[in-house]
Amino acid sequence: MITLISSTNRKNSYTKKVAEVYLHLMNKEKIDSQIFDLAEIPNNFLTINSYGKISEDFEVMSNKYLKNVNKYIIICPEYNGSIPGFLKIIIDYSDYSIYQSKKVSIVGISSGHSGNLRGIDHLTSIFNHLGSDVFSLQPKLSKIQESFKNENLINKNYLDLIKRHIKLFINY
């Protein structure tokens, strides 16, 4: 099982749209996958799960999307030149051992021109520190808002890159 992490808690995001493109393509190839959409986490998550207190709901979510899977593909938008704070909180609140030896791939997206290059570097450092095995191909999708028409990815180069990324990561 591969978890596609839509790593922002912002509703109706391009991050989720990219995750859905991945899910659709993986389903076509009969690759067992699921989306962990951080936008679906309740607003009171921070107050319930702080200072070492972990709720039963977080434990269930963690087991389903993080612990009991083989690999992650993290779709990571650029937030202030780095990663979404909410993603960092999810990582910080998790049992770090669930990340050890997991295969992780990071996809950067941005409305600007870099495709979240610095955020990818930051997240790579975090997962290296946690003992994960970070995949070297890290797609960077820039000007993402220009690459969709409604819910459809219309940028052929990005679609080809995503297909190649999936193929290589599956065999990793």
Taking the stated definitions as given, is Tyr72 crowded, with 20+ Cβ neighbours inside 10 Å, aromatic (Phe, Trp, Tyr) and in contact (Cβ under 8 Å) with a residue 24 or more places away in the chain? yes
How about the stretch 115-125: which of its residues are surrounded by fewer than 18 Cβ atoms within 10 Å (Cβ to Cβ) and either in contact with a Lys or Arg (Cβ under 6 Å, 6 or more places away or on another chain) or in contact (Cβ under 8 Å) with a residue 12 or more places away in the chain (or both)? Leu117, Arg118, His122, Thr124
Could we say that Gly131 is surrounded by fewer than 18 Cβ atoms within 10 Å (Cβ to Cβ), part of a loop (DSSP other than H, G, I, E, B) and either touching a Ser or Thr at 6+ places or on another chain (Cβ under 6 Å) or at positive phi (or both) here? yes
Unmet criterion (only one of (1) of a type in the set (Lys, Arg); (2) buried (at least 16 other Cβ atoms within 10 Å of the Cβ); (3) in a loop (DSSP other than H, G, I, E, B)) for Lys53: (2)
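Residue under question is Ile83, and the condition is that it be surrounded by 13 or more Cβ atoms within 10 Å (Cβ to Cβ), closer than 22 Å to Leu25 by Cβ and touching a residue at least 60 places away in the same chain (Cβ under 8 Å); does it hold?
For Ile83, the condition - surrounded by 13 or more Cβ atoms within 10 Å (Cβ to Cβ), closer than 22 Å to Leu25 by Cβ and touching a residue at least 60 places away in the same chain (Cβ under 8 Å) - is not met.
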For the stretch 104-114, how many residues are assigned to a loop (DSSP other than H, G, I, E, B) and surrounded by 21 or more Cβ atoms within 10 Å (Cβ to Cβ)? 1
From Asn116, Asn44, which residue is closer than 21 Å to Lys11 by Cβ and at pLDDT below 95? Asn44
When the residues of the stretch 137-156 are narrowed to those that are of a type in the set (A, V, I, L, M, F, W, C) and part of a strand (DSSP E or B), which ends up surrounded by the most Cβ atoms within 10 Å (Cβ to Cβ)? Leu141
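The values are calculated or read from the model by the stated rules, or taken from the named source; none is laboratory data. Note that the coordinates shown come from a computational prediction; the quantities given were computed from them, not determined experimentally. All Cβ positions, even for glycine, are placed from backbone atoms using ideal geometry, and neighbour counts span all protein chains on display.
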